């Protein structure tokens, strides 16, 4: 009979052991869930902070450039006042030329370069044709005149040059018709 009592006792101790292990796993699972919630909250806060920082970068990224341009505007204002007080147009011209050079230096520092085009072959990715000029002694498609300067920012054309290009003259027949 003692054997009969021993078997249920073993089962009870196994059940108690399993219940105890289940409780431990529940506690561990609750700890993991709590940690997960904290990590989710931390991540959400990180994302919001990063979004705010990116927005600030977007909003104020050109502040340094604007400050430099404001210096140029101040110098232009001084040149205008100086030109109004001076009787010599040369002084005004020299002042404006100095300011232009300073502005071009600022643009160069920002990675802006002028497109060199006079005498070059027309490139539709860098130039826009406003007119064509008939010239026999120049190769067709050669840029003869630049109407508006073009600029490249780093490696991207931000404003194409507006140009006049050479074309071969049209041959006139005896009847006055043009032959191409």
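Please treat every number below as a calculation from the coordinates, not as lab data. The structure displayed is predicted, hence computed values, not measured ones. Neighbour counts are summed over all protein chains in view; Cβ atoms, including those assigned to glycine, are modelled from backbone coordinates with ideal geometry.
Below is a table of values for the structure above.
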{"item": "Euclidean distance of C-alpha centroids, the stretch 57-76 and the stretch 125-153, integer Å", "result": "33"}
{"item": "Crossing angle, helix 63-85 versus the chain [Cα axis fit, 0-90 degrees, rounded to tens]", "result": "30"}
{"item": "Cβ-based exposure ranking for 43, 122, in which fewest neighbours within 10 Å come first", "result": "43, 122"}
{"item": "Extension reserve of the residue 105-residue 67 stretch, reckoned as 0.36 nm per residue once the Cα distance is removed", "result": "12.3 nm"}
{"item": "Computed helical MRE - 222 nm, the chain, DSSP H runs ≥ 4 contributing -39500 (n - 2.57), nearest 500", "result": "-21000 deg cm²/dmol"}
{"item": "Antiparallel content of DSSP bridges confined to the stretch 113-180, in %, to 5", "result": "65"}
{"item": "Efficiency of FRET from Cβ geometry, residue 22 and residue 52, R₀ 41 Å, rounded to 0.05", "result": "0.35"}
